[in-house]
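Here is the structure we will look at, set down as C-alpha coordinates.
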Amino acid sequence: MKMDVSAVEMIVRRVMEEVGTLDKSNEYGYGIFDDMEEAIEAAYIAQKNYMSCSISEREKYIKAIRDVILKKENLELISKLGAEETGMGKYEHKIIKNRLAATKTPGTEDLITEAMTGDNGITLVELSPYGVIGAITPTTNPSETIICNSIGMLSAGNSVVFGAHPRAKGVSVLTVKLINKALEEVGAPANLVTTVYEPSVKNSNILMNHEKVKMIVATGGPEIVKTVMSTGKKAIGAGAGNPPVVVDETADIEQAAIDIIDGCSFDNNLPCIAEKEVIAVEQIADYLIFNMKKSGAYEIKDNVVLKELEKLVLNENNGPNKDFVGKSAIYILEKLGINADSDIKAIIMETSKDHPFVQNELMMPILPIVRAANVDEAIDIAIEAEHGNRHTAIMHSKNVDKLTKMAKLIQTTIFVKNGPSYAGIGVGGEGYTTFTIAGPTGEGLTSAKFFARKRRCVLVDGFHIR
Ligand code: NAD
(Lines give C-alpha, C1' and ligand atoms only; values in the text may rest on other atoms or scores of the structure.)
Protein backbone atom coordinates (compact mmCIF):
# COMPACT_ATOMS: atom_id res chain seq x y z
CA MET A 1 0.00 0.00 0.00
CA LYS A 2 2.56 2.62 -1.15
CA MET A 3 1.59 6.28 -1.72
CA ASP A 4 3.37 9.12 -3.37
CA VAL A 5 4.28 11.51 -0.49
CA SER A 6 3.58 14.73 -2.42
CA ALA A 7 0.20 13.38 -3.50
CA VAL A 8 -0.71 12.69 0.13
CA GLU A 9 0.50 16.16 1.15
CA MET A 10 -1.67 17.76 -1.50
CA ILE A 11 -4.71 15.84 -0.27
CA VAL A 12 -3.90 16.77 3.35
CA ARG A 13 -3.76 20.45 2.42
CA ARG A 14 -6.96 20.40 0.42
CA VAL A 15 -9.02 18.60 3.04
CA MET A 16 -7.62 20.69 5.86
CA GLU A 17 -8.55 23.85 3.97
CA GLU A 18 -11.98 22.45 3.30
CA VAL A 19 -12.68 21.66 6.94
CA GLY A 20 -11.02 24.84 8.11
CA THR A 21 -7.91 23.58 9.91
CA LEU A 22 -5.63 25.91 7.98
CA ASP A 23 -7.94 28.91 7.88
CA LYS A 24 -7.78 30.76 11.21
CA SER A 25 -11.11 32.51 10.63
CA ASN A 26 -12.73 29.09 10.39
CA GLU A 27 -10.75 27.46 13.18
CA TYR A 28 -13.81 26.87 15.30
CA GLY A 29 -17.17 25.51 14.20
CA TYR A 30 -18.15 21.97 13.25
CA GLY A 31 -18.06 20.95 16.90
CA ILE A 32 -14.76 22.56 17.88
CA PHE A 33 -14.80 25.03 20.78
CA ASP A 34 -12.31 27.18 22.57
CA ASP A 35 -13.77 26.37 25.92
CA MET A 36 -14.81 22.99 27.38
CA GLU A 37 -17.91 24.50 29.05
CA GLU A 38 -19.06 25.71 25.62
CA ALA A 39 -18.36 22.32 24.04
CA ILE A 40 -20.49 20.63 26.71
CA GLU A 41 -23.31 23.18 26.49
CA ALA A 42 -23.43 22.81 22.69
CA ALA A 43 -23.54 19.01 22.95
CA TYR A 44 -26.27 19.33 25.59
CA ILE A 45 -28.48 21.43 23.28
CA ALA A 46 -27.68 19.08 20.37
CA GLN A 47 -28.79 16.04 22.36
CA LYS A 48 -32.07 17.72 23.34
CA ASN A 49 -32.77 18.31 19.63
CA TYR A 50 -31.58 14.80 18.79
CA MET A 51 -34.29 13.34 21.04
CA SER A 52 -36.91 14.43 18.51
CA CYS A 53 -35.17 12.65 15.62
CA SER A 54 -36.52 9.27 14.53
CA ILE A 55 -34.51 6.04 14.56
CA SER A 56 -34.34 6.10 10.77
CA GLU A 57 -32.89 9.62 10.98
CA ARG A 58 -30.33 8.33 13.48
CA GLU A 59 -29.44 5.63 10.98
CA LYS A 60 -28.99 8.23 8.26
CA TYR A 61 -26.61 10.17 10.51
CA ILE A 62 -24.60 7.06 11.40
CA LYS A 63 -24.27 6.25 7.71
CA ALA A 64 -23.00 9.79 7.11
CA ILE A 65 -20.26 9.22 9.72
CA ARG A 66 -19.24 5.93 8.11
CA ASP A 67 -19.27 7.46 4.62
CA VAL A 68 -17.21 10.54 5.45
CA ILE A 69 -14.49 8.47 7.11
CA LEU A 70 -14.45 5.93 4.27
CA LYS A 71 -13.96 8.67 1.66
CA LYS A 72 -10.51 7.79 0.36
CA GLU A 73 -8.96 11.21 0.90
CA ASN A 74 -10.30 11.49 4.46
CA LEU A 75 -9.22 7.98 5.39
CA GLU A 76 -5.73 8.66 4.09
CA LEU A 77 -5.59 12.06 5.74
CA ILE A 78 -6.54 11.01 9.26
CA SER A 79 -4.30 7.93 9.01
CA LYS A 80 -1.35 10.00 7.88
CA LEU A 81 -1.96 12.72 10.44
CA GLY A 82 -2.41 10.13 13.22
CA ALA A 83 0.95 8.54 12.49
CA GLU A 84 2.82 11.81 11.89
CA GLU A 85 1.45 13.90 14.73
CA THR A 86 1.89 11.27 17.42
CA GLY A 87 5.12 9.94 15.89
CA MET A 88 3.75 6.45 16.56
CA GLY A 89 2.45 3.56 14.51
CA LYS A 90 2.24 2.88 10.79
CA TYR A 91 0.22 4.75 8.19
CA GLU A 92 -0.81 1.55 6.35
CA HIS A 93 -2.08 -0.04 9.55
CA LYS A 94 -3.90 3.12 10.64
CA ILE A 95 -5.79 2.97 7.33
CA ILE A 96 -6.92 -0.56 8.26
CA LYS A 97 -7.88 0.52 11.79
CA ASN A 98 -9.81 3.63 10.74
CA ARG A 99 -11.63 1.69 8.02
CA LEU A 100 -12.43 -1.04 10.53
CA ALA A 101 -13.89 1.49 12.99
CA ALA A 102 -16.06 3.02 10.24
CA THR A 103 -17.35 -0.27 8.85
CA LYS A 104 -17.59 -2.74 11.74
CA THR A 105 -18.75 -0.63 14.69
CA PRO A 106 -22.39 -1.61 15.34
CA GLY A 107 -25.13 0.99 14.83
CA THR A 108 -28.75 1.23 16.00
CA GLU A 109 -29.34 -2.49 15.32
CA ASP A 110 -27.41 -3.06 18.55
CA LEU A 111 -30.31 -1.68 20.62
CA ILE A 112 -32.59 -4.64 21.23
CA THR A 113 -35.80 -4.17 23.19
CA GLU A 114 -36.82 -6.85 25.67
CA ALA A 115 -40.50 -7.63 26.20
CA MET A 116 -42.21 -9.57 29.00
CA THR A 117 -45.88 -10.45 28.66
CA GLY A 118 -48.30 -12.23 30.97
CA ASP A 119 -51.69 -12.00 32.70
CA ASN A 120 -50.82 -8.51 33.90
CA GLY A 121 -50.06 -7.08 30.49
CA ILE A 122 -46.76 -6.12 28.90
CA THR A 123 -43.49 -4.73 30.14
CA LEU A 124 -40.90 -3.37 27.77
CA VAL A 125 -37.27 -2.78 28.59
CA GLU A 126 -35.96 -0.18 26.20
CA LEU A 127 -32.50 1.25 25.74
CA SER A 128 -32.52 5.02 26.12
CA PRO A 129 -29.72 7.56 25.89
CA TYR A 130 -27.81 8.87 28.88
CA GLY A 131 -27.70 12.36 27.34
CA VAL A 132 -24.24 13.89 26.97
CA ILE A 133 -21.36 11.43 27.21
CA GLY A 134 -17.80 12.52 27.95
CA ALA A 135 -15.30 10.31 26.12
CA ILE A 136 -11.59 10.42 26.91
CA THR A 137 -9.48 9.11 24.03
CA PRO A 138 -5.89 7.83 23.77
CA THR A 139 -2.84 8.71 21.63
CA THR A 140 -2.54 5.17 20.37
CA ASN A 141 -5.86 5.04 18.45
CA PRO A 142 -6.93 8.70 18.40
CA SER A 143 -9.18 8.91 15.32
CA GLU A 144 -10.22 5.24 15.54
CA THR A 145 -11.64 5.74 19.04
CA ILE A 146 -13.43 8.95 18.04
CA ILE A 147 -15.03 7.21 15.03
CA CYS A 148 -16.00 4.11 16.97
CA ASN A 149 -17.31 6.02 20.03
CA SER A 150 -19.23 8.51 17.84
CA ILE A 151 -21.01 5.71 15.98
CA GLY A 152 -21.85 3.76 19.14
CA MET A 153 -22.82 6.71 21.33
CA LEU A 154 -24.92 8.49 18.68
CA SER A 155 -26.61 5.20 17.75
CA ALA A 156 -27.83 5.04 21.33
CA GLY A 157 -29.22 8.59 21.09
CA ASN A 158 -26.49 10.46 22.96
CA SER A 159 -24.29 13.37 22.01
CA VAL A 160 -20.60 13.13 22.86
CA VAL A 161 -17.87 15.52 23.99
CA PHE A 162 -14.37 14.24 23.40
CA GLY A 163 -11.43 14.81 25.71
CA ALA A 164 -8.57 13.95 23.39
CA HIS A 165 -4.95 13.37 24.25
CA PRO A 166 -2.93 16.60 23.83
CA ARG A 167 -0.35 14.72 21.75
CA ALA A 168 -3.03 13.77 19.23
CA LYS A 169 -4.94 17.04 19.15
CA GLY A 170 -4.66 17.76 15.40
CA VAL A 171 -5.99 14.41 14.24
CA SER A 172 -8.65 14.38 16.97
CA VAL A 173 -9.92 17.87 16.11
CA LEU A 174 -9.90 17.03 12.41
CA THR A 175 -11.87 13.79 12.95
CA VAL A 176 -14.49 15.60 15.04
CA LYS A 177 -14.77 18.31 12.37
CA LEU A 178 -15.16 15.81 9.55
CA ILE A 179 -17.86 13.96 11.46
CA ASN A 180 -19.78 17.10 12.42
CA LYS A 181 -19.61 18.55 8.95
CA ALA A 182 -20.95 15.30 7.49
CA LEU A 183 -23.72 15.21 10.11
CA GLU A 184 -24.79 18.76 9.40
CA GLU A 185 -24.86 18.05 5.67
CA VAL A 186 -27.46 15.33 6.18
CA GLY A 187 -29.57 17.51 8.48
CA ALA A 188 -28.51 16.28 11.94
CA PRO A 189 -28.63 18.72 14.86
CA ALA A 190 -25.40 20.75 15.02
CA ASN A 191 -22.73 19.77 17.57
CA LEU A 192 -23.72 16.18 18.28
CA VAL A 193 -19.98 15.50 18.51
CA THR A 194 -17.83 18.21 20.07
CA THR A 195 -14.38 18.83 21.50
CA VAL A 196 -12.02 21.67 22.30
CA TYR A 197 -9.31 23.07 20.12
CA GLU A 198 -6.68 22.64 22.87
CA PRO A 199 -7.21 19.33 24.67
CA SER A 200 -5.57 19.14 28.09
CA VAL A 201 -5.78 17.25 31.36
CA LYS A 202 -7.54 20.34 32.80
CA ASN A 203 -10.17 20.23 30.05
CA SER A 204 -10.68 16.48 30.52
CA ASN A 205 -11.22 17.11 34.23
CA ILE A 206 -13.86 19.75 33.50
CA LEU A 207 -15.52 17.23 31.19
CA MET A 208 -15.48 14.40 33.73
CA ASN A 209 -16.92 16.53 36.52
CA HIS A 210 -19.52 18.55 34.60
CA GLU A 211 -23.09 18.11 35.86
CA LYS A 212 -24.51 17.96 32.32
CA VAL A 213 -22.27 15.01 31.43
CA LYS A 214 -24.10 11.87 32.52
CA MET A 215 -21.68 9.15 31.49
CA ILE A 216 -17.89 9.02 31.22
CA VAL A 217 -16.07 6.60 28.97
CA ALA A 218 -12.29 6.45 29.25
CA THR A 219 -10.02 4.64 26.82
CA GLY A 220 -6.45 4.80 28.08
CA GLY A 221 -4.00 3.71 30.73
CA PRO A 222 -4.62 2.75 34.40
CA GLU A 223 -4.55 6.32 35.74
CA ILE A 224 -7.41 7.65 33.64
CA VAL A 225 -9.48 4.51 34.20
CA LYS A 226 -9.10 4.93 37.97
CA THR A 227 -9.96 8.62 37.66
CA VAL A 228 -13.21 8.05 35.75
CA MET A 229 -14.26 5.29 38.10
CA SER A 230 -14.06 7.72 41.01
CA THR A 231 -16.16 10.49 39.42
CA GLY A 232 -19.35 9.16 41.00
CA LYS A 233 -20.97 8.96 37.55
CA LYS A 234 -21.75 5.99 35.38
CA ALA A 235 -18.30 5.17 34.01
CA ILE A 236 -16.87 2.78 31.47
CA GLY A 237 -13.16 2.15 31.83
CA ALA A 238 -11.19 0.62 28.95
CA GLY A 239 -7.73 0.20 30.37
CA ALA A 240 -4.25 -1.15 29.71
CA GLY A 241 -3.40 -4.67 28.66
CA ASN A 242 -0.26 -6.80 28.45
CA PRO A 243 -1.43 -9.68 26.25
CA PRO A 244 0.54 -12.91 26.65
CA VAL A 245 0.73 -15.59 23.95
CA VAL A 246 1.06 -19.24 24.93
CA VAL A 247 2.34 -21.70 22.32
CA ASP A 248 2.24 -25.39 23.16
CA GLU A 249 3.61 -28.51 21.48
CA THR A 250 0.33 -29.30 19.69
CA ALA A 251 0.18 -25.98 17.81
CA ASP A 252 0.79 -25.44 14.11
CA ILE A 253 4.15 -23.82 14.84
CA GLU A 254 4.79 -22.35 11.37
CA GLN A 255 1.38 -20.62 11.37
CA ALA A 256 1.72 -19.56 15.01
CA ALA A 257 5.02 -17.82 14.19
CA ILE A 258 3.41 -15.92 11.28
CA ASP A 259 0.37 -14.91 13.35
CA ILE A 260 2.41 -13.82 16.37
CA ILE A 261 4.78 -11.61 14.36
CA ASP A 262 1.89 -10.12 12.35
CA GLY A 263 -0.12 -9.35 15.49
CA CYS A 264 2.85 -8.05 17.45
CA SER A 265 4.03 -5.73 14.67
CA PHE A 266 0.57 -4.41 13.70
CA ASP A 267 0.72 -0.60 14.01
CA ASN A 268 4.13 -1.10 15.65
CA ASN A 269 2.52 -2.88 18.62
CA LEU A 270 0.40 0.12 19.67
CA PRO A 271 -2.92 -1.74 20.02
CA CYS A 272 -3.73 -2.67 23.59
CA ILE A 273 -4.68 -6.13 22.25
CA ALA A 274 -1.33 -6.78 20.49
CA GLU A 275 0.93 -9.67 21.48
CA LYS A 276 3.34 -8.39 24.15
CA GLU A 277 5.17 -11.56 25.32
CA VAL A 278 5.38 -15.20 24.25
CA ILE A 279 5.52 -18.18 26.56
CA ALA A 280 6.59 -21.22 24.58
CA VAL A 281 6.72 -24.82 25.69
CA GLU A 282 10.38 -25.95 25.75
CA GLN A 283 9.78 -28.76 23.26
CA ILE A 284 8.85 -26.37 20.42
CA ALA A 285 10.61 -23.15 21.49
CA ASP A 286 13.59 -23.44 19.11
CA TYR A 287 11.40 -24.29 16.15
CA LEU A 288 9.05 -21.39 16.97
CA ILE A 289 11.97 -18.94 17.13
CA PHE A 290 13.34 -20.35 13.83
CA ASN A 291 9.96 -19.73 12.18
CA MET A 292 9.52 -16.28 13.74
CA LYS A 293 12.84 -15.30 12.16
CA LYS A 294 11.50 -16.50 8.80
CA SER A 295 8.42 -14.30 9.37
CA GLY A 296 10.19 -10.98 9.96
CA ALA A 297 11.68 -11.24 13.46
CA TYR A 298 15.20 -10.09 14.31
CA GLU A 299 16.62 -12.09 17.21
CA ILE A 300 18.90 -10.55 19.81
CA LYS A 301 21.08 -13.28 21.31
CA ASP A 302 23.95 -11.23 22.68
CA ASN A 303 23.40 -10.24 26.31
CA VAL A 304 25.38 -7.03 25.90
CA VAL A 305 23.09 -5.91 23.07
CA LEU A 306 20.05 -6.87 25.15
CA LYS A 307 21.31 -4.67 28.01
CA GLU A 308 21.77 -1.78 25.54
CA LEU A 309 18.23 -2.30 24.28
CA GLU A 310 16.90 -2.24 27.85
CA LYS A 311 18.76 1.01 28.51
CA LEU A 312 17.33 2.50 25.33
CA VAL A 313 13.65 1.61 25.57
CA LEU A 314 12.95 1.43 29.32
CA ASN A 315 12.50 4.39 31.64
CA GLU A 316 13.70 4.64 35.24
CA ASN A 317 10.68 2.63 36.45
CA ASN A 318 11.27 -0.13 33.90
CA GLY A 319 8.23 1.10 31.97
CA PRO A 320 8.36 2.18 28.33
CA ASN A 321 10.52 5.13 27.31
CA LYS A 322 7.86 7.23 25.52
CA ASP A 323 10.32 8.12 22.74
CA PHE A 324 10.17 4.51 21.55
CA VAL A 325 6.47 3.74 21.97
CA GLY A 326 4.95 2.90 18.58
CA LYS A 327 8.30 3.06 16.74
CA SER A 328 9.22 0.44 14.17
CA ALA A 329 11.60 -2.45 14.82
CA ILE A 330 13.97 -1.03 12.20
CA TYR A 331 14.03 2.37 13.94
CA ILE A 332 14.78 0.77 17.32
CA LEU A 333 17.49 -1.45 15.83
CA GLU A 334 19.05 1.54 14.08
CA LYS A 335 19.36 3.33 17.43
CA LEU A 336 21.26 0.26 18.64
CA GLY A 337 23.60 0.60 15.67
CA ILE A 338 22.10 -2.42 13.89
CA ASN A 339 21.15 -2.14 10.22
CA ALA A 340 18.31 -4.59 9.76
CA ASP A 341 16.73 -5.78 6.51
CA SER A 342 13.70 -3.81 5.39
CA ASP A 343 11.39 -6.78 6.02
CA ILE A 344 12.13 -6.88 9.76
CA LYS A 345 8.94 -6.23 11.71
CA ALA A 346 9.72 -7.27 15.29
CA ILE A 347 12.63 -7.78 17.67
CA ILE A 348 12.66 -11.02 19.65
CA MET A 349 14.86 -12.31 22.44
CA GLU A 350 14.74 -14.98 25.13
CA THR A 351 14.30 -13.69 28.67
CA SER A 352 13.31 -14.90 32.11
CA LYS A 353 9.65 -14.56 33.08
CA ASP A 354 10.47 -11.69 35.44
CA HIS A 355 12.07 -9.50 32.80
CA PRO A 356 10.50 -6.00 32.45
CA PHE A 357 9.89 -6.70 28.75
CA VAL A 358 7.58 -9.52 29.89
CA GLN A 359 5.95 -7.86 32.85
CA ASN A 360 5.39 -4.32 31.52
CA GLU A 361 3.28 -3.06 28.63
CA LEU A 362 5.81 -1.52 26.20
CA MET A 363 3.74 -0.86 23.05
CA MET A 364 6.79 -1.42 20.81
CA PRO A 365 7.48 -4.36 18.46
CA ILE A 366 9.76 -5.96 21.05
CA LEU A 367 8.69 -9.47 21.87
CA PRO A 368 10.34 -11.43 24.69
CA ILE A 369 10.10 -15.22 24.64
CA VAL A 370 9.98 -17.23 27.86
CA ARG A 371 10.49 -21.01 27.90
CA ALA A 372 8.19 -23.16 30.01
CA ALA A 373 8.65 -26.83 30.86
CA ASN A 374 5.08 -27.66 29.81
CA VAL A 375 1.78 -26.05 28.84
CA ASP A 376 0.48 -25.84 32.42
CA GLU A 377 3.56 -23.88 33.48
CA ALA A 378 3.20 -21.69 30.37
CA ILE A 379 -0.40 -20.85 31.32
CA ASP A 380 0.68 -19.93 34.87
CA ILE A 381 3.38 -17.60 33.54
CA ALA A 382 0.90 -16.00 31.13
CA ILE A 383 -1.62 -15.35 33.90
CA GLU A 384 1.07 -13.66 35.98
CA ALA A 385 2.19 -11.45 33.06
CA GLU A 386 -1.40 -10.40 32.29
CA HIS A 387 -1.63 -8.93 35.82
CA GLY A 388 -5.39 -9.39 36.08
CA ASN A 389 -6.01 -6.64 33.51
CA ARG A 390 -8.72 -8.92 32.10
CA HIS A 391 -7.81 -7.57 28.68
CA THR A 392 -6.50 -9.93 25.98
CA ALA A 393 -4.66 -13.25 25.75
CA ILE A 394 -3.74 -15.48 22.84
CA MET A 395 -3.04 -19.20 22.67
CA HIS A 396 -1.78 -21.41 19.86
CA SER A 397 -2.71 -25.01 20.54
CA LYS A 398 -4.80 -27.87 19.17
CA ASN A 399 -5.50 -29.21 22.65
CA VAL A 400 -9.10 -28.24 23.45
CA ASP A 401 -8.67 -29.04 27.15
CA LYS A 402 -5.70 -26.74 27.52
CA LEU A 403 -7.34 -23.98 25.44
CA THR A 404 -10.34 -24.22 27.76
CA LYS A 405 -8.14 -24.25 30.84
CA MET A 406 -6.31 -21.08 29.85
CA ALA A 407 -9.52 -19.28 28.81
CA LYS A 408 -11.10 -20.12 32.17
CA LEU A 409 -8.13 -19.20 34.32
CA ILE A 410 -6.91 -16.02 32.63
CA GLN A 411 -10.38 -14.40 32.47
CA THR A 412 -9.48 -11.94 29.72
CA THR A 413 -12.14 -10.01 27.78
CA ILE A 414 -10.65 -11.25 24.52
CA PHE A 415 -9.11 -14.71 24.13
CA VAL A 416 -7.87 -15.49 20.63
CA LYS A 417 -7.12 -19.09 19.71
CA ASN A 418 -4.86 -19.95 16.77
CA GLY A 419 -4.79 -16.54 15.17
CA PRO A 420 -3.26 -13.06 15.45
CA SER A 421 -4.53 -10.82 18.27
CA TYR A 422 -6.35 -8.51 15.87
CA ALA A 423 -8.77 -11.34 14.98
CA GLY A 424 -10.24 -10.49 18.40
CA ILE A 425 -11.48 -7.10 17.14
CA GLY A 426 -12.91 -8.44 13.91
CA VAL A 427 -9.91 -8.38 11.53
CA GLY A 428 -9.91 -11.88 10.10
CA GLY A 429 -12.07 -13.04 13.03
CA GLU A 430 -15.84 -13.07 13.37
CA GLY A 431 -17.70 -10.34 15.20
CA TYR A 432 -18.00 -6.57 15.37
CA THR A 433 -15.24 -4.17 16.28
CA THR A 434 -14.56 -1.65 19.00
CA PHE A 435 -11.61 0.46 20.04
CA THR A 436 -12.92 0.72 23.60
CA ILE A 437 -12.47 -2.65 25.29
CA ALA A 438 -13.76 -2.35 28.81
CA GLY A 439 -12.12 -4.98 31.02
CA PRO A 440 -12.07 -3.14 34.37
CA THR A 441 -15.77 -2.18 34.31
CA GLY A 442 -16.84 -5.39 32.56
CA GLU A 443 -18.73 -4.24 29.45
CA GLY A 444 -16.15 -5.99 27.27
CA LEU A 445 -16.22 -4.96 23.63
CA THR A 446 -18.36 -1.84 23.93
CA SER A 447 -21.10 -0.95 21.43
CA ALA A 448 -24.27 1.16 21.33
CA LYS A 449 -26.17 -0.90 23.92
CA PHE A 450 -23.52 -0.16 26.54
CA PHE A 451 -23.98 3.57 26.00
CA ALA A 452 -27.69 3.32 26.83
CA ARG A 453 -29.77 3.11 30.00
CA LYS A 454 -32.28 0.36 30.52
CA ARG A 455 -35.77 1.74 31.10
CA ARG A 456 -38.86 -0.24 31.98
CA CYS A 457 -42.17 0.71 30.42
CA VAL A 458 -45.21 -1.13 31.82
CA LEU A 459 -48.72 -1.39 30.38
CA VAL A 460 -51.06 -3.03 32.89
CA ASP A 461 -53.54 -5.60 31.59
CA GLY A 462 -53.07 -4.84 27.92
CA PHE A 463 -51.33 -6.27 24.86
CA HIS A 464 -51.09 -9.74 26.33
CA ILE A 465 -52.27 -11.68 23.30
CA ARG A 466 -51.18 -15.24 24.01
P1 NAD B 1 -3.02 7.68 28.64
O2 NAD B 1 -3.61 7.00 29.82
O3 NAD B 1 -1.75 8.41 28.81
O4 NAD B 1 -4.08 8.75 28.07
C5 NAD B 1 -5.40 8.40 27.75
C6 NAD B 1 -6.28 9.63 27.87
O7 NAD B 1 -6.44 9.97 29.24
C8 NAD B 1 -5.72 10.90 27.21
O9 NAD B 1 -6.75 11.63 26.62
C10 NAD B 1 -5.11 11.65 28.37
O11 NAD B 1 -5.03 13.03 28.10
C12 NAD B 1 -6.07 11.31 29.47
N13 NAD B 1 -5.53 11.34 30.82
C14 NAD B 1 -4.52 10.57 31.30
N15 NAD B 1 -4.35 10.81 32.61
C16 NAD B 1 -5.26 11.75 32.96
C17 NAD B 1 -5.59 12.41 34.19
N18 NAD B 1 -4.95 12.15 35.31
N19 NAD B 1 -6.59 13.30 34.18
C20 NAD B 1 -7.28 13.58 33.03
N21 NAD B 1 -7.00 12.99 31.86
C22 NAD B 1 -6.02 12.09 31.82
O23 NAD B 1 -2.92 6.56 27.51
P24 NAD B 1 -2.30 6.63 26.04
O25 NAD B 1 -0.83 6.60 26.12
O26 NAD B 1 -2.92 7.72 25.27
O27 NAD B 1 -2.85 5.25 25.49
C28 NAD B 1 -2.23 4.03 25.77
C29 NAD B 1 -2.84 3.28 26.93
O30 NAD B 1 -4.23 3.11 26.71
C31 NAD B 1 -2.25 1.88 27.02
O32 NAD B 1 -2.13 1.53 28.37
C33 NAD B 1 -3.28 1.02 26.30
O34 NAD B 1 -3.27 -0.33 26.69
C35 NAD B 1 -4.55 1.71 26.72
N36 NAD B 1 -5.61 1.49 25.73
C37 NAD B 1 -6.66 0.70 26.08
C38 NAD B 1 -7.67 0.47 25.17
C39 NAD B 1 -8.83 -0.40 25.52
O40 NAD B 1 -9.76 -0.47 24.73
N41 NAD B 1 -8.84 -1.09 26.64
C42 NAD B 1 -7.62 1.04 23.90
C43 NAD B 1 -6.54 1.86 23.58
C44 NAD B 1 -5.54 2.09 24.51
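The values are calculated or read from the model by the stated rules, or taken from the named source; none is laboratory data. Predicted model, so just to flag it, every value in this text is computed and none were measured. Note that we place each Cβ from the backbone using ideal geometry, even for glycine, and neighbour counts take in every protein chain shown.
None of Ile179, Ile261 is aliphatic (A, V, I, L, M) and closer than 22 Å to Val416 by Cα except Ile261.
The conditions of being at pLDDT 95 or above, β-branched (Val, Ile, Thr) and more than 22 Å from the chain's Cα centre (by Cα) are not met by Ile65.
Checking Gly29 against (1) closer than 22 Å to Val186 by Cβ; (2) at pLDDT 95 or above, which test does it fail? The failed condition is (2). Exactly one residue among Asn203, Asn191 is of a type outside the set (Asp, Glu), touching a helix residue (DSSP H, G or I) at 6+ places or on another chain (Cβ under 9 Å) and part of a helix (DSSP H, G or I), and that residue is Asn203. Has segment 449-458 got any residue that is out of contact with any helix residue (DSSP H, G or I) (no Cβ under 8 Å at 6 or more places or on another chain), assigned to a loop (DSSP other than H, G, I, E, B), away from the ligand (no atom under 16 Å from the Cβ) and farther than 22 Å from Ile236 by Cβ? For segment 449-458, residues out of contact with any helix residue (DSSP H, G or I) (no Cβ under 8 Å at 6 or more places or on another chain), assigned to a loop (DSSP other than H, G, I, E, B), away from the ligand (no atom under 16 Å from the Cβ) and farther than 22 Å from Ile236 by Cβ: absent. Do we find that Thr441 is of a type in the set (S, T, N, Q) and either crowded, with 18+ Cβ neighbours inside 10 Å or touching a residue at least 12 places away in the same chain (Cβ under 8 Å) (or both) in this structure? Yes, satisfied. If the condition is being more than 9 Å from the ligand (Cβ to nearest atom) and not in a loop (DSSP other than H, G, I, E, B), then segment 208-230 contributes Asn209, Val213, Lys214, Met215, Ile216, Val217, Met229. A single member of Glu350, Glu377, Glu384 is in the same structural domain as Lys327 (by TED's automatic domain parsing), of a type in the set (D, E, K, R) and more than 21 Å from Ile284 (Cα to Cα), and it is Glu384. Of the residues making up segment 131-140, just one is hydrophobic (A, V, I, L, M, F, W, C) and away from the ligand (no atom under 15 Å from the Cβ), namely Val132.
So that you can scan it fast, the table gives a plain yes or no per residue for (1) within 16 Å of the ligand (Cβ to nearest atom); (2) among the acidic types (Asp, Glu); (3) more than 27 Å from Glu144 (Cα to Cα):
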| site | (1), (2), (3) |
| --- | --- |
| Glu275 | yes, yes, no |
| Glu308 | no, yes, yes |
| Tyr331 | no, no, no |
| Asp343 | no, yes, no |
| Met349 | no, no, yes |
| Asp354 | no, yes, yes |
| Asn360 | yes, no, no |
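Among the residues of segment 407-415, is any assigned to a strand (DSSP E or B), among the hydrophobic types (A, V, I, L, M, F, W, C) and within 15 Å of Pro244 (Cβ to Cβ)? Among the residues of segment 407-415, at least one is assigned to a strand (DSSP E or B), among the hydrophobic types (A, V, I, L, M, F, W, C) and within 15 Å of Pro244 (Cβ to Cβ), which makes the answer yes. Listed by position, the helices (runs of 4 or more DSSP H) inside segment 301-389 whose residues that are free of Cβ contacts under 8 Å to residues at least 60 places away in the same chain and over 27 Å from the mean Cα position of the chain (by Cα) number at least 1 are 303-313, 329-335, 375-386. Among what's in segment 362-401 and is within 16 Å of the ligand (Cβ to nearest atom) and of a type in the set (D, E, K, R), pick the residue that is farthest from Gly220 (Cα to Cα). Among residues in segment 362-401 that are within 16 Å of the ligand (Cβ to nearest atom) and of a type in the set (D, E, K, R), the one farthest from Gly220 (Cα to Cα) is Glu386.
Residues of segment 141-199 that are within 12 Å of the ligand (Cβ to nearest atom), crowded, with 23+ Cβ neighbours inside 10 Å and charged (D, E, K, R): Glu144 alone. Put simply, of Ile273, Ile279, Ile284 the only residue that is in the same structural domain as His355 (by TED's automatic domain parsing), more than 23 Å from Asp343 (Cβ to Cβ), in a strand (DSSP E or B) and out of contact with any Leu (no Cβ under 9 Å at 6 or more places or on another chain) is Ile279. Among the residues of segment 259-295, those identified as among the aromatic types (Phe, Trp, Tyr) and surrounded by fewer than 20 Cβ atoms within 10 Å (Cβ to Cβ) are Tyr287, Phe290.
The residues of segment 136-160 that are outside any helix (DSSP H, G or I), within 13 Å of the chain's Cα centre (by Cα) and either closer than 14 Å to Ser447 by Cα or of a type in the set (A, V, I, L, M) (or both) amount to a single one, Ile136.
Within segment 417-432, restricting attention to residues that are within 24 Å of Thr145 (Cα to Cα) and in contact with an Asp or Glu (Cβ under 9 Å, 6 or more places away or on another chain), the residue that is surrounded by the most Cβ atoms within 10 Å (Cβ to Cβ) is Ser421. The set of residues from segment 440-464 being of a type in the set (Gly, Ala, Ser) and modelled with pLDDT under 95 comprises just one member, Gly462. Taking Glu184 as the residue in question, decide whether it is acidic (Asp, Glu), more than 22 Å from Ala238 (Cβ to Cβ) and assigned to a strand (DSSP E or B). Here the answer is no, as Glu184 does not meet what is asked. Of all residues in segment 299-333, those that are aromatic (Phe, Trp, Tyr) and crowded, with 21+ Cβ neighbours inside 10 Å total 1. None of Asn268, Asn242 is within 11 Å of the ligand (Cβ to nearest atom) and either in a helix (DSSP H, G or I) or polar (S, T, N, Q) (or both) except Asn242.
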